[in-house]
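The values are calculated or read from the model by the stated rules, or taken from the named source; none is laboratory data. Remember, predicted model here, so these are calculated numbers, not experimental data. Keep in mind that these areas ignore ligands, DNA and RNA; they rest on the heavy atoms of the full protein, side chains included. Shrake-Rupley method; radii C 1.70, N 1.55, O 1.52, S 1.80 Å.
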Amino acid sequence: MSDLLDSPVLVLTDLDDAGAPAPGALELLTTASHLTGSGVLALALADVGPQARAALAGAGATRLLVADVGQRAALAGVTGDALVAAARAADVGLVLVPGDYRGREAAAHAAVLLGSAVVADAADLEVADGVLRASRLVLSGSWTTTLAIRPHPGQPPVVAVRPGGAQAASGPLEPVVGARSLDAEPLEPAVGAAGTVSLVSRERAAVAAGPDLGEARTVVVGGRGVDGDFALVRSLAEVLDAAVGATRVACDEGWIERSAQIGQTGVSVAPHLYVGLGVSGAVHHTSGIQGAETIVAVVDDSEAPILEMADYGVVGDVTEVVPQLVDELVRLRG
Ligand SMILES: Cc1cc2nc3c(=O)[nH]c(=O)nc-3n(C[C@H](O)[C@H](O)[C@H](O)COP(=O)(O)OP(=O)(O)OC[C@H]3O[C@@H](n4cnc5c(N)ncnc54)[C@H](O)[C@@H]3O)c2cc1C
């Protein structure tokens, strides 16, 4: 029984607007370094500065491939083409990408071109008998399935890992101590049919003005119970330095942009702290918060399903509870 893969793993390593590795990218690299004994290749789609290179090495990357595609990094097709070029150049056995919308699309695109398989929404990665095992929530989070994914140099499977799912079953992931900085190896991906789609503009949506929802450590969510008062939701989010999310009902009502929707047909989040305000806890919503470590709910219905999964529940009116909570947090923070 081997507990490490014997082929290299390629990791799509997203950078933020300032050129620093996204926290999710570092987690994914560290996860990969715990899965394989044959090296972890980071693929970046923009130039990587010395500080960022050191961070990638510290997270477990042993090589860095750079396909500088400029603004086209936002396009899933171009990202997929870059993954294919990197996978072929380095003969990797497995490819890991972040499980956001673009990552999932890029994974499908790359898997088709590589003639391999794609697995979306993977979590809790571990290796048993040289095979990667990944669990995945299906049917609105009511079932967990476990898949065995066999690394295959030449036709590497592409796995999209859900936010917060990059946690090896072996326990907490430690950064690599004393890792050398990496040299950037340039890569020229051939952009094929994906070139028929081009980027017209890219603007940060108003809801994304705070921390990014998918990456946020703290998320405050407004449901139908806030009755359109997202200023109330934001007042708590601000004091907690949290991202603002919403249920589908709140988005359907037009109280907040659709991009804030969390759940089966929205974004999946995996924060340290999730605070639901006036959220009942329907399975379509809670399937998107399975990775949350601590769940707090403020809801006026003591029978609301969210209270069954909450670590801390307050049964009360959000218009009374939230201002008190904000005042107390402000007081505690001095
Ligand atoms: C195919 C499909 C996909 C879906 N995908 C999603 C998805 O991705 N994300 C999603 O969120 N939903 C999704 N839904 C909808 C989902 O089933 C629920 O309808 C929705 O999540 C409920 O949102 P809610 O909790 O805001 O509203 P409700 O279920 O109406 O809950 C509101 C809660 O607030 C409480 N409340 C009311 N007033 C107050 C107050 N003043 N103070 C405190 N509490 C108060 C109520 O008692 C209630 O418990 C989907 C549905 C379908 C069929």
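A few notes on this one:
- Computed extension gain for residue 54 through residue 181, at 0.36 nm per residue and net of the alpha carbon distance, reaches 45.2 nm.
- Compactness of the range 206-332 is given as radius of gyration and Dmax, 12.7, 38 Å, from Cα positions.
- Carbon/sulfur fraction of accessible area - the chain, other protein chains in place, 1.4 Å, %: 50
- Degrees, to the nearest 10: 230-240 long Cα axis against longest axis of the chain: 60
- The eigenvalues of the Cα gyration tensor, multiplied by 5 and square-rooted, give the chain an equivalent ellipsoid with semi-axes of 36, 21, 19 Å from largest to smallest.
- Acute angle (nearest 10 degrees) that the helix 76-90 long axis makes with the longest principal axis of the chain, alpha-carbon atoms: 40
- Ranking of 109, 152 by solvent-accessible surface, largest first: 152, 109 (1.4 Å probe, protein heavy atoms only, all chains present).
- Whole-number accessible area per residue in Å² for the range 9-196, which is evaluated in the context of all protein chains at 1.4 Å: 43
- In a fully extended conformation the segment linking residue 284 and residue 6 would gain 96.2 nm over its present Cα-Cα distance, using 0.36 nm per residue.
- Annotation: extensible slack from residue 301 through residue 88 equals 71.2 nm (criterion: 0.36 nm per residue apart, minus Cα-Cα distance).
- Pairwise Cα distances in the range 1-102 exceed 19 Å for 36 percent of all pairs.
- The orientation-averaged projection of the convex hull spanning the C-alpha atoms of the range 9-196 amounts to 10.2 square nanometres.
- Value at 222 nm in deg cm²/dmol, rounded to 500, when DSSP H runs of n ≥ 4 in the chain each add -39,500 (n - 2.57): -8000 deg cm²/dmol
- Whole-number accessible area per residue in Å² for the range 206-332, which is evaluated in the context of all protein chains at 1.4 Å: 47
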